[in-house]
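Since the structure comes first, as structure tokens, the remarks are kept for the end.
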Amino acid sequence: MNKDSKLWRLFTELEFEVSRLEEEHTLLKEKVKQSEEQRIPKASSVVQRVDWVELESGKRFLTKKELGKYLGMGAGTISNQLSSGIFPIRARRVGRSVRFDMREVLEYLETNKPFWERDRE
């Protein structure tokens, strides 16, 4: 076998391997995208307030439970969305507990945009 035929054979093997790796890379990218879509729940951009809930007059900070009553969702749902980073209202730590500023809640309900979009404006 001469040198040219060996080089040609190596070149064709290399081309085949490159195309195989490109296909594998594309398949892996698709699998990663699918697994991320399944793992991360989509944030609902619209939170509908069920009914006005009587709050203590002058109360500025709400607990998860109070906010959940106000927005018509469970405190557990709020916790899950907070830990996932998709809850649209900014939370504040007060000691070991989490509180929500009523002004932030009302601002979100008026604009219907999460805080990270409102901060950009």
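Ordering of 21-34, 65-78, 106-119 by packing is 65-78, 106-119, 21-34, highest average first (other Cβ atoms within 10 Å, averaged per residue). When the C-alpha to C-alpha distance is required to be over 28 Å, the pairs from Lys69/Lys113; Lys59/Lys113; Lys29/Lys64 that qualify are Lys29/Lys64.
With the simple model of a label 7 Å out from the Cα in the direction of the Cβ, Lys6 to Val32 spans 3.8 nm.
Here, each number is a calculation from the coordinates, and none is a lab measurement. Note that the coordinates shown come from a computational prediction; the quantities given were computed from them, not determined experimentally. Don't worry about glycine lacking a Cβ; one is built from the backbone with ideal geometry, like all the others, and counts go over all protein chains shown.
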